[in-house]
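Accompanying notes for the structure given below.
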Amino acid sequence: MMKRFVLLTPGPTPLPPEVLAKLGEPILHHRTHEFGELFRDAIEGLKYVFRTKGTVLLQCGSGTSGMEAAVANILSPGDAALVASCGVFGNRWTKIAKAYGLAPAHHEEEWGRAVEPEKFRRTLEAAGKDVKAVFLTHTDTSTGVACDVRELARIVREHSDALVVVDSISGLGAQPLEADEWGLDVVVAASQKGLMNAPGLAFASVSERAWKVIDKARLPRFYWDWRTYRASLPNGETPYTPAVGLVAAQVEAFRLIREAGLENVWVRTRVLAEYTRRAVEGLGLSLFAKAPCDVLTAVQLPKDIDGEAMVKALRDRYGISIAGGQEKLKGRIVRIAHMGAILQEDVDQGLAALKKELAAAAPAVK
Ligand code: PMP
């Protein structure tokens, strides 16, 4: 039998047993009434978690496919755009835009800090009125930081008609986000984090303002052409064969989120986040994020501790899966998730193992 892990990574996250069971059910054909019902339930669930009355889309692919689709659907060759980043995932917006031949203005906050609204305002003003879209990150999973996307979106609106596009791949369903109320034109999410499903689905909410742009945009797109997804919605379908099992599992996860109430899930996540942060500080460690999100905690390690070795030790010796740092944070931090179906007892196990390994390494630490 395959080794089981306590999964404390900020995606994928563990699945509730009910969701896991759905993945074992017989597969439906996707052009049937039965699948149509399931698909409509998934769409209703998405509207509930995005807090939107607008269009929501479901596509097959990880979160990055949703980010790429957002760029490809919104922009046209030569368009000015602005990315406000504070980590690896913010930077991904810029990489995607560049892959499509665009040259977005790039505003990067020091990692560990949230995009600071007044600095952002100045960058936006410097970028000019022609900016067609501003790309933001709700919770940058690489640094464990949450940005005030509500405030940033408000600043964009004050300044211009640019579309506000938000990556909430790790935030959605875990900490507050209001697509309609906050005026977010496109929000991208994925199945494998707060939404408590296996990896493989990407989601987007799309405002009416965004559709006007999408209908005329001129970057190349085919598989990710959101116009075809929108056209299939009334039939309860996706344009191409969907990941049927993942859709069924997502509907089950939405049932659980609705049963608990989304606001209660936000509170539950915040409480576990606060608990984890206190416990980490109780171990004598500091938090990497100055503006921590609720979905994971990025833990700054003492200088002489190698984060990569720590991740490996927890996996090999305790069967606990946590994440290390990415890019320039590799080796310097570890990341412990507490979103979705992760329980306090799981976090406790992770922290107990971390504590033991730190103590074992202590003689080597001056
Ligand atoms: N953005 C954020 C904030 C993320 O947390 C992730 C996944 N770690 C991604 C984008 C990329 O998503 P995926 O790996 O599902 O493509």
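The values are calculated or read from the model by the stated rules, or taken from the named source; none is laboratory data. In this text the structure is predicted, and so the values were computed from the model without any measurement. Here the Cβ positions follow ideal geometry from the backbone for every residue, glycine too, while neighbour counts run over all protein chains shown. SASA here: full protein model, heavy atoms, side chains in, ligands and nucleic acids out. Shrake-Rupley method; radii C 1.70, N 1.55, O 1.52, S 1.80 Å.
Observations
- Sparsely packed loop sites in region 193-242 (the chymotrypsin sites (Phe, Trp or Tyr not before Pro) outside DSSP H, G, I, E and B with at most 16 other Cβ atoms within 10 Å) comprise 222, 223, 240.
- Computed Kirkwood radius, in angstrom, where 1/r is averaged over Cα pairs of region 164-278: 15.9 Å
- The stretch between residue 275 and residue 110, if pulled fully straight at 0.36 nm per residue, gains 56.8 nm over its current Cα-Cα span.
- Most fluctuating residue given options 292, 26, 12, as computed from a GNM of the chain linking Cα atoms under 10 Å: 26
- Residue-span extension gain [residue 232 to residue 34] - 0.36 nm each, minus C-alpha spacing: 69.7 nm
- Using the Cβ-Cβ distance between residue 345 and residue 308 with R0 set to 25 Å, the FRET efficiency from 1/(1 + (r/R0)^6) comes to roughly 0.45.
- Annotated for region 114-234: lysine pairs at least 8 residues apart or interchain, Cα distance under 27 Å, count 6.
- Cα gyration tensor, region 47-169 - rounded (a/c under 1.5), prolate or oblate: rounded
- Here residue 79 sits with roughly 30 square angstrom of accessible surface, probe radius 1.4 Å.
- Nearest-0.05 FRET efficiency for residue 129 and residue 328, computed from C-beta distance (R0 35 Å): 0.55
- For region 1-74, GluC sites (Glu not before Pro) are listed when DSSP marks them as loop and at most 13 other Cβ atoms sit within 10 Å of their Cβ; the list is empty.
- Summarising the label geometry, the points placed 7 Å from Cα in the beta-carbon direction at residue 3 and residue 267 lie 4.0 nm from one another.
- Hull-based mean projected area of the chain, where the convex hull spans the alpha carbons, in square nanometres: 18.2 nm²
- Dipole size of region 193-243 about its Cα centre, with +1 on Lys/Arg Cβ and -1 on Asp/Glu Cβ: approximately 260 debye, rounded to the nearest 20.
- Mean residue ellipticity (222 nm) of the chain, computed from DSSP H runs ≥ 4 via -39,500 (n - 2.57), nearest 500: -13000 deg cm²/dmol
- Between 231, 360, 350, the Cα set farthest toward the positive side of the dipole of the chain (charges on each charged residue's Cβ, about the Cα centre) is that of 360.
- Dipole in debye (nearest 20) - the chain, about Cα centre, beta carbon charges: Lys, Arg +1; Asp, Glu -1: 640 debye
- Region 95-228: proportion of alpha-carbon pairs further apart than 23 angstrom, %: 35 percent
- For GluC sites (Glu not before Pro), the sites in region 174-232 that DSSP calls loop and that have at most 13 other Cβ atoms within 10 Å are 181.
- Point-charge dipole on Cβ atoms (K/R +1, D/E -1) for region 65-118, about Cα centre, debye to 20: 260 debye
- Stokes-Einstein D for region 262-366, Kirkwood Rh over Cα pairs, 37 °C, 0.692 mPa s (µm²/s): 236 µm²/s
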